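The values are calculated or read from the model by the stated rules, or taken from the named source; none is laboratory data. Being a predicted model, the structure only gives us computed values, none of them experimental. FYI the Cβ positions are ideal-geometry reconstructions off the backbone, even for glycines, and counts take in every protein chain you see.
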Amino acid sequence: MAKQQTPLTIDSLFEYLQQSSQDFDRRLREEERLRKEAEAQRERERQARERERQEEEQQRKEAEAQRERERKASNADWERRQKILDQKISSLGSRIGEIVENMIGGDIVNQFRALGYDVKYLSRNLEFGYGTPDYGEIDLILEDGDVVILIEVKTNLKTADVRDHVKRLEKYRRLKDASGSGKYHRYVGAVAGAVVAKNVAEFAQKQGMYVIVQSGQAVEILPSPEGFVAKMW
């Protein structure tokens, strides 16, 4: 026997449509809820990654700052040590220079007397030309009446030192001529060193200068080459 179907009425159709609409709205709300939860989860994950990135960046910056502080501290320590070393080297160099100067000055008078200069006075560290372009300093000065021997002393004499002494002698000559006293004196140049290479000695002699070197416990003036004449400034 066939099942009897409920007659379709306007009210039942309306009820069906209303129920379907409510079911559809529930599904939409559920999907919207799930979508928002997914978005919120993605945002939380994004924020977590951003915090992690910021923390890593902060750690990197702190590490860089620490390395920079350590580098500056290391540089400051190196500079301090270098300054102390430079001071010690400078002090040692000055002391060696004084020893060489005293050694040469102590015996050089007799050396020049043996060459015929009637040396009467020896003085040291003559500064001249204060406040002028002709300012300079001469290590040893020997005076023989109208002849003055001006000596530059170096621990290790170089060609550049010889050239500088030529300029120094020219400055001294100009200064004396300007003062009017130059006409009463002639000036002879000499260079001295604890270490003097052969080429440096020959160069100095070509400039008309005497060359003084260490010899044993004393010093000596190197034999001048044939035809040598001491230049007068």
Subset of segment 140-161 [more than 29 Å from the chain's Cα centre (by Cα) and not β-branched (Val, Ile, Thr)]: LEU140, LEU142, GLU143, ASP144, GLY145, ASP146, LEU150
Inside segment 128-196, counting only strands (runs of 3 or more DSSP E) that do not spill past its ends, which hold 1 or more residues that are on the phi < 0 side of the Ramachandran plot and hydroxyl-bearing (Ser, Thr, Tyr)? 147-157, 186-196
All but one of (1) at pLDDT 85 or above; (2) out of contact with any Leu (no Cβ under 8 Å at 6 or more places or on another chain) hold for THR155, so report the exception by its number. (1)
Unmet criterion (only one of (1) part of a strand (DSSP E or B); (2) under 23 Å from LEU115 (Cα atoms); (3) out of contact with any Gly (no Cβ under 8 Å at 6 or more places or on another chain)) for PRO225: (1)
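Pull up segment 148-184, narrow it to residues that are buried (at least 17 other Cβ atoms within 10 Å of the Cβ) and either of a type in the set (Asp, Glu) or free of Cβ contacts under 8 Å to residues at least 40 places away in the same chain (or both), then point me to the one that is farthest from ASN110 (Cα to Cα).
LYS176
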Pick from segment 169-217, criterion within 16 Å of LYS154 (Cα to Cα) and aromatic (Phe, Trp, Tyr), ranking: farthest from the chain's Cα centre (by Cα): TYR210
For residues that are surrounded by 17 or more Cβ atoms within 10 Å (Cβ to Cβ) and of a type in the set (Lys, Arg), tally how many sit in segment 122-147. 0
